[in-house]
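**Student:** If you scroll down you'll find the structure; I have some questions about it.
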Amino acid sequence: MRRLKRCALMGDLETVAEAGQWAELRNILQRIAKEPNKAKENLKSAAACLDDDKQYEKAEALIVEYLEYLSQVDFKNYYDNVGQISVTQEMQFKDFSLKCAQAAGKKLDEFIRLMPEEQLEAARSQLNVF
C-alpha cells in the first residue's frame, strides 16, 4: 500500500466543520498545528528526506498550501468581524470550513504521495508502536 492514511484528526476536522461545532473545530486545529502533532515541523522534517530537488520544492509548496487551507478552516481567520451570525451565514461558514478542511486533506494526501516508500514504512511502524 503506497498511501499512508492521513491522521484521524483530519477526518474529525471535516466532521466538526460540517456540523458547525466551532469550539471543537478550534481544538482540533490546535492539536494538528501544535502539540502533539506539530504539523508544520513534522511535514518539513519529512520533506527534508526527499533527495530530488523538484520533489522537495513540490513538497514545500504543498506544506504551504496545506497550512493555508488549514488556517482557513476556522472561518474567523478568513472573514473579518463577522459579528452576530445569521442562519444563512452559519450555513455558508460550515460549507466554507468543510471545503477548506477537504482541500487541506487533499494537499496532505498529495504530500504523502511524494514520500519514498521506505519513509512511509518507517512512519507506519511508528504509528503501530502506539
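Please treat every number below as a calculation from the coordinates, not as lab data. On a predicted model such as this, the values are computed, not experimentally measured, just so you know. Here the Cβ positions follow ideal geometry from the backbone for every residue, glycine too, while neighbour counts run over all protein chains shown.
**Student:** For segment 8-122, calculate the relative contact order in percent as a whole number, restricting contacts to Cα pairs under 8 Å that are 6 or more residues apart.
**Tutor:** 35 percent
**Student:** If you don't mind, there's one more thing I want to ask. Just how large is the dipole of the chain about the Cα centre, in debye to the nearest 20, putting +1 at every Lys and Arg Cβ and -1 at every Asp and Glu Cβ?
**Tutor:** For the chain, the charge dipole is close to 220 debye.
**Student:** List the longest stretch of the chain that has no exposed loop site; here a site is one of the trypsin sites (Lys or Arg not before Pro) assigned by DSSP to anything other than H, G, I, E or B, with at most 11 other Cβ within 10 Å.
**Tutor:** 4-130
**Student:** Next question. Take the alpha-carbon centre of segment 16-34, take the same for segment 43-105, and report the distance between them in whole Å.
**Tutor:** Using only Cα atoms, the two centres lie 13 Å from each other.
**Student:** Go ahead and estimate [θ] at 222 nm for the chain from helices alone: -39,500 (n - 2.57) per DSSP H run with n ≥ 4, summed, over the residue count, rounded to 500.
**Tutor:** -24000 deg cm²/dmol
**Student:** Just tell me which aspartates and glutamates come within less than 15 Å, Cα to Cα, of Lys94; anything on the same chain fewer than 8 places away is out.
**Tutor:** Lys94 reaches Asp12, Glu14, Glu18, Glu24, Asp74.
**Student:** Pick from Gln72, Gln84, Gln55: which residue has the top mean-square fluctuation in a GNM of the chain where Cα pairs under 10 Å get a spring?
**Tutor:** Judging by the Gaussian network model, the answer is Gln84.
**Student:** Project the alpha carbons of segment 8-122 onto their principal axes and report the range along each, largest first, in whole Å.
**Tutor:** 50, 24, 18
**Student:** Taking 8 Å as the Cα distance limit and 6 or more residues as the minimum spacing, I'd like the relative contact order of segment 8-60 as a percentage.
**Tutor:** Computed value for segment 8-60: 20 percent relative contact order.
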